Each structure stands twice: as structure tokens, then as C-alpha cells.
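The values are calculated or read from the model by the stated rules, or taken from the named source; none is laboratory data. None of these values were measured; they are calculated from a predicted model. Heads up, the Cβs are rebuilt from the backbone with ideal geometry, glycines too, and the neighbour counts pull from every protein chain shown.
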Amino acid sequence: MAHLRESHAVVVHCDSDYIRAVHGIQELFNRPSVTLRACYAIPHASSSSRTEEPIADVNMDGEAQPTTPAPAPETSSRSGWLVGEELSNAEKEAGFEEKYEIRWPFRSNKSVDDWEGREYVLIHLYTLLGITITANSSPLLLIPSPTPTLPLSTQASYTQIAFETLNTPSFSILPSPLASLYALGATTGIIVHIGATESSIFVITDSIVRWECSTTVQVGELDCRSFLESLLLEDDLLDTELKAAAGKEDLSIEEKRKLVKEVSEVVWNECTGDDVEVPFLKSGNKSVVAGNGTGVVGAEKEDDSFDVAKKLVGDNTPAPATQSHKSKKQQAAAAAAAAKSAQAAADAAAAAAALPQPIDAIVINIPSLPGKEIQLGPVRHRLCEPLLLGKEKGGDTIWEGVGRAIDSASLSLGEKLSLWESVGVVGELARIKSFSPALITYLSPYLLSSADLTSDCQPSKIRLLNIPDYFANFKNSTTELAPFLGGSLVAKVAFLDSQGKHSITKVDYNAKGPAAIYNVSADGQ
């Protein structure tokens with residue numbers, strides 16, 4: 001029975017913009033079998049009729065008390081709503097924006113949680129998984145979208161959807177920061193989540209999410225996308241390339257914006273590997289550790305800088321006095337040969353420097369100009385500047401948010417020092433491989449100025465975590481998949497427990513209602 005539960009379990013990871021899910025957990029943890037955009041569209045005519053205020057009860061003192069969401073309206077009230085492939089196809093049609101409003105129910109920047117929208121998207125997700133809700137026999141482990149807090153009332157609302165809408169026989173909920181850290185091979189550390197409109201920093205100590213330390217920075221991936229488009233609009237190289245590809249001497253503002261938007265989409269979707277190199281902080285501390293395949297152990301990066309000019313002209317430092325077994329004539333010949341070789345190398349270097357240097361550019365294709373190659377220059381490397389330098393000069397940054405989280409008064413000195421040993425970056429922007437190492441260099445002001453110094457109150461190094469290589473199906477993957485992998489790890493054991501410490505059953509729900517999840521969340525998570 002335990003094996004049956006495990007093999008049929010459903011793992012659902014809800015991020016702000018995407019939902020990832022898999023039906024069934026195997027010995028080798030699988031990647032998500034379904035990835036769905038976490039949004040839906042409703043006709044503009046119906047948007048005004050939908051209430052935007054939470055339902056509340058009134059107590060004896062006359063004060064309004066928020067309650068759990070009311071049951072969702074009948075399906076008939078959702079006629080005309082679009083989700084998944086239907087939504088993607090509709091977006092390609094002319095006049096879509098005038099007809100529909102797109103909503104993102106899992107984003108955390110809304111004043112009122114869109115529980116009806118979350119329910120609607122999750123129902124469609126189960127359809128994609130091939131699960132018939134009326135005959136659902138698959139336990140569900142849910143990883144909610146990361147928010148600065150995960151109150152019990154929110155967990156109860158997810159529990160209500162799980163049992164009353166999705167008809168799951170057993171349910172467990174796992175905070176996204178904790179799932180991420182588990183997948184990265186640690187139980188204490190810092191998780192930096194880059195969301196669509198805001199980014200959150202979470203502190204975890206001994207598998208406990210310290211919600212009181214969470215910090216939020218009002219900058220996210222959408223700000224980076226907007227910033228990149230503004231750079232591309234002003235880039236002379238791209239302007240020349242687009243005119244040549246379009247076969248026009250000049251482009252209208254509307255035409256150029258449309259083409260630039262397509263270029264930006266290609267960069268975000270296809271150029272997240274070696275094509276983009278987010279610049280490191282030039283004055284960054286050298287004591288930065290990069291996690292190896294295990295995600296926990298790393299090797300310190302040594303300063304392997306090589307002085308080319310010095311080597312070409314020869315090292316003027318006097319050689320140490322050592323006994324030579326060569327005659328003076330042989331020594332003179334060797335010195336002459338070395339001088340001749342050095343001069344030849346210097347001449348070759350000068351000739352190479354005189355040649356025109358290759359442009360730091362990549363070649364891309366965009367839908368509006370099929371078959372045309374467009375060069376994109378070094379402007380692409382600046383796409384993450386709003387996160388690292390702020391949306392405007394002097395604006396809040398991700399690395400400053402990390403500093404505020406660790407400076408929380410509720411953390412002991414020992415806990416603060418141990419947190420630097422495990423830093424993970426998640427969210428869709430983590431697909432850009434060079435972003436996480438660049439972010440770590442911006443954290444270097446919090447380190448000792450030299451790794452040779454010793455201190456009991458300041459860290460000397462930072463360790464960046466990656467997904468361990470022993471997860472064969474996730475080898476070389478970027479860390480946006482970490483929460484999903486962590487959920488799969490926990491689901492492997494969560495539904496084997498008959499004591500109700502890690503999950504609740506439909507019997508528990510029928511007896512206690514949504515509050516049944518409180519027993520599983522007794523540790524405050």
C-alpha cells in the first residue's frame with residue numbers, strides 16, 4: 001500500500017509564473033512532466049462583475065474577521081475563461097488585449113488573493129496530468145508560491161482546494177524555501193527567490209523557515225525584461241542589424257518596438273547559457289566558494305590571473321642564486337636564445353593587438369524576420385542590472401536584501417555565520433547561469449577583506465549551492481527546478497507516515513476541516 005501511494009503521488013510546484021508537476025515518483029526522480037503558465041484570462045465584460053474584496057464575518061464586537069475563501073462559483077460562471085494552450089493561441093490573435101484580461105493568481109503582489117483563479121488553474125493542471133478528479137486516488141504534495149510568510153490560514157485554504165476541489169485522498173504542504181534548500185543538499189542556508197515583480201530572501205536554520213527574517217525587495221524579472229528592452233531600443237548595433245534584416249532604411253517606432261520585443265524574448269528564452277555573462281563585481285572578495293556536484297562541498301577560487309606583458313618581456317626579478325652545471329659559454333647561448341624567443345613573442349603580441357578585435361556578439365533569429373540573421377552585441381550582458389544595481393540609481397538591490405535578512409535580531413551569531421555556508425538562488429531567472437555567481441560577488445562586502453584573517457563575528461567565505469550531480473535526471477540543470485526536486489524528495493516519505501506528522505488524509509479533513517493541516521504545520525511552517 002505504501003509503495004502504491006508513493007508511485008501515484010502528485011508533486012505540484014507553484015511559482016509566481018509557472019506551475020510544474022509530475023504524477024508518480026520513481027527511483028530516479030523525474031523532471032516535471034507538465035509545465036503550465038500560472039495565469040488565465042477572462043473576458044473584460046466579466047472582470048467588473050467579479051468581487052475583489054475578501055469575504056468577512058463580523059464578531060460580537062462588530063469587527064470584521066477574514067474567513068477562508070467561499071466555495072468557488074459554478075463552472076458556468078467561468079464560461080469564456082482561457083488557460084493553458086487555449087490562452088496561448090488566443091494571445092496570438094489581433095485585438096486580444098482589448099478582449100481579455102490576463103490574471104496571475106500566484107503572484108504575491110496582490111492586495112487580495114485570487115483563490116478562485118488558483119483553483120481554476122489547478123483544475124486544468126490535473127487535466128493535463130490525465131487525472132480524473134471524481135476518481136482521484138493520488139496523494140498531493142503542494143509547494144505554494146513563495147511569499148514572505150505562509151500563515152496557517154493560507155495553508156488551510158490550499159487544504160480546502162485539495163480535498164474539496166481536487167478530491168485528493170491525502171495531502172501535504174511544503175514551503176518553497178525549504179523544498180529548495182533540501183534539493184540543494186543543505187538544511188541551513190539562505191534562499192534567494194527572484195519573482196516576477198518582487199524578490200524574497202528566506203532564512204532556514206535546521207530545516208525551520210525563519211519567517212521573521214524574510215525580506216522582500218521590490219524588483220523582479222519583469223523589471224529586468226523592461227530594462228533590457230530599453231537598452232535594445234537605444235543600441236546602435238541592433239538598430240543597424242534590424243534595418244538591414246528588414247530591408248528598410250528606417251523603421252517606425254511601432255515597427256522597431258515590435259522587433260526589439262521579439263529580440264528580448266529570444267534572449268530570455270534561448271540565450272540563458274554561455275551567451276550571457278552577467279558581470280561580476282570588480283572589487284569583489286576572492287573568498288567565494290562555488291558548490292560542486294554535491295551542492296555542499298566546494299573549492300575556493302584561487303587568483304589565477306596571468307600577467308601577459310610581464311611574461312612577454314621577461315621577468316626582471318633577479319633569479320635565486322643556484323649552482324649551475326653548465327659552462328659560461330652554454331649559459332650565454334641559453335640566455336641569447338631566451339631573449340630572442342621573448343622578442344618574437346612580443347612582436348607576435350603587438351601584431352595581434354594591431355588587428356581589429358572581434359565583436360562580442362551572438363547571432364539570433366526572430367519570428368518576424370525568418371531566415372534573417374541578427375547580431376546582438378554586449379548590451380545583452382546587462383539584463384540583470386536592476387537586481388544588482390537597483391531599478392534606479394540608489395535603489396534597493398537583491399544583495400542588500402540578503403544583508404537585511406541575515407542582520408535579523410532573532411538570529412544568533414553562530415546561526416548568522418553558518419548561513420553563509422549555503423546560499424541558493426531560485427526562480428525563473430535562475431535559468432541564467434551566470435547570474436548566481438555574479439550575485440555572490442556582490443555579497444563580498446559582508447566578508448572579511450582577506451581569507452587569511454580570522455574572526456568570530458564575520459564570515460570569510462560564501463558557498464553557492466547547485467543541484468547535486470547524483471540526481472541523474474537533473475544533472476547540469478539550473479536551480480529554478482530546485483523547489484520541484486525538493487518536493488519530490490519529501491513526497492517520497494511524506495505519504496508513508498501513518499501518524500499524520502507529514503500529511504493528512506480525507507478522514508482527517510472530514511473530522512477537522514481545513515484546520516487539520518495545522519497539526520502537520522505545528523512547527524510554524
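Structure values in brief
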| item | result |
| --- | --- |
| Residue satisfying all of: in the stretch 116-158; in a loop (DSSP other than H, G, I, E, B) and of a type in the set (A, V, I, L, M); farthest from Y182 (Cα to Cα) among these | I131 |
| Given (1) out of contact with any Leu (no Cβ under 6 Å at 6 or more places or on another chain); (2) closer than 20 Å to T188 by Cβ, number of the condition N476 does not satisfy | (2) |
| Scan of the stretch 210-219 for residues that are more than 23 Å from L383 (Cβ to Cβ) and either surrounded by fewer than 17 Cβ atoms within 10 Å (Cβ to Cβ) or in contact with a Gly (Cβ under 8 Å, 6 or more places away or on another chain) (or both), ordered by number | W211, E212, T215 |
| Pairs, first without any contact (Cβ under 8 Å) to a residue 24 or more places away in the chain in the stretch 182-199, second assigned to a loop (DSSP other than H, G, I, E, B), C-beta under 9 Å, six or more apart | T187/D206; T187/S207; T187/S422 |
| Meets criteria (without any contact (Cβ under 8 Å) to a residue 60 or more places away in the chain, part of a strand (DSSP E or B) and closer than 30 Å to I504 by Cβ) for I161 | no |
| Among residues of the stretch 409-436, those that are closer than 17 Å to V278 by Cβ, part of a loop (DSSP other than H, G, I, E, B) and either in contact with a Pro (Cβ under 7 Å, 6 or more places away or on another chain) or hydrophobic (A, V, I, L, M, F, W, C) (or both), counted | 1 |
| Pick from the stretch 139-192, criterion closer than 20 Å to S422 by Cα, of a type in the set (S, T, Y) and touching a strand residue (DSSP E or B) at 6+ places or on another chain (Cβ under 9 Å), ranking: surrounded by the fewest Cβ atoms within 10 Å (Cβ to Cβ) | T187 |
| Residue match in the stretch 369-386 (condition: in contact (Cβ under 8 Å) with a residue 12 or more places away in the chain and farther than 17 Å from V267 by Cα) | no |
| Some residue of the stretch 221-234 being surrounded by 21 or more Cβ atoms within 10 Å (Cβ to Cβ), aliphatic (A, V, I, L, M) and either in the same structural domain as E400 (by TED's automatic domain parsing) or out of contact with any strand residue (DSSP E or B) (no Cβ under 8 Å at 6 or more places or on another chain) (or both) | yes |
| I467 being touching a Cys at 6+ places or on another chain (Cβ under 8 Å) and in contact (Cβ under 8 Å) with a residue 24 or more places away in the chain | no |
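Rundown of residues vs (1) within 26 Å of the chain's Cα centre (by Cα); (2) among the β-branched types (V, I, T); (3) under 17 Å from A38 (Cβ atoms), yes/no style:
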site	(1), (2), (3)
E98	no, no, no
D113	yes, no, yes
Y120	yes, no, yes
I123	yes, yes, yes
G130	no, no, no
L141	yes, no, no
T149	yes, yes, no
L152	yes, no, no
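Results for (1) modelled with pLDDT under 95; (2) under 25 Å from the mean Cα position of the chain (by Cα); (3) polar (S, T, N, Q), shown as yes or no for each residue.
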position: A354; (1), (2), (3): yes, no, no
position: Q357; (1), (2), (3): yes, no, yes
position: K372; (1), (2), (3): yes, no, no
position: P386; (1), (2), (3): no, yes, no
position: E392; (1), (2), (3): yes, yes, no
